[in-house]
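The values are calculated or read from the model by the stated rules, or taken from the named source; none is laboratory data. Quick caveat, the model's predicted, so the values are computed rather than measured. Every residue, glycine as well, gets a Cβ built from its backbone with ideal geometry; the counts of neighbours run over all protein chains shown.
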Amino acid sequence: MADLSFYISPLSEEIREEGRAQGRAQGRAQARGESILILLGARGIDITDATREKLTTCTDSELARTWLIRAVHATTAEEIFGAEEPTGR
């Protein structure tokens, strides 16, 4: 019979918790990106396809939070991203 003790070990639980934390952070980033799109749409601010992709693929929740705060007062997408406007990545 195979030794399955690793799956209930503290190390295994730590690895699972790190994965859950990463997933939660990515979920927050995605939700913030979607909120920015809703906010800009409601305010009639046009965005490029590259900007839309940048918002929907961002996995950094703190960066997305910064963008969301900027989006509250921005009148253009450029004001949200500044020098970090999408470069096609």
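Brief remarks follow.
- Check on Ala64, touching a residue at least 12 places away in the same chain (Cβ under 8 Å), within 15 Å of Ile80 (Cα to Cα) and within 9 Å of the chain's Cα centre (by Cα): yes
- For Gly27, the stated conditions do not hold, so it cannot be described as under 20 Å from Thr76 (Cβ atoms), surrounded by 10 or more Cβ atoms within 10 Å (Cβ to Cβ) and not charged (D, E, K, R).
Yes/no per residue for (1) under 15 Å from Gly82 (Cβ atoms); (2) out of contact with any Lys or Arg (no Cβ under 6 Å at 6 or more places or on another chain); (3) small (Gly, Ala, Ser):
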position	(1), (2), (3)
Arg20	no, yes, no
Gly23	no, yes, yes
Gly27	no, yes, yes
Ser35	no, yes, yes
Leu40	no, yes, no
Leu55	yes, yes, no
Asp60	no, yes, no
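- Within the set Thr59, Thr75, the sole residue that is surrounded by 11 or more Cβ atoms within 10 Å (Cβ to Cβ), in a loop (DSSP other than H, G, I, E, B) and among the hydroxyl-bearing types (Ser, Thr, Tyr) turns out to be Thr59.
- Long-range neighbours under 8 Å by Cβ, at least six apart or interchain, first residue within 14 Å of Leu63 (Cα to Cα) and without any contact (Cβ under 8 Å) to a residue 60 or more places away in the chain within the stretch 22-46, second β-branched (Val, Ile, Thr) and surrounded by 13 or more Cβ atoms within 10 Å (Cβ to Cβ): Ala25/Thr59; Gln26/Thr59; Ala29/Thr59; Gln30/Thr56; Gln30/Thr59; Gly33/Thr56; Glu34/Thr56; Ile36/Ile80
- Filter result for Thr51 (surrounded by fewer than 16 Cβ atoms within 10 Å (Cβ to Cβ) and either in contact (Cβ under 8 Å) with a residue 12 or more places away in the chain or part of a helix (DSSP H, G or I) (or both)): no
- Residue count, the stretch 23-47 (criterion: of a type in the set (S, T, N, Q) and modelled with pLDDT of 90 or more): 2
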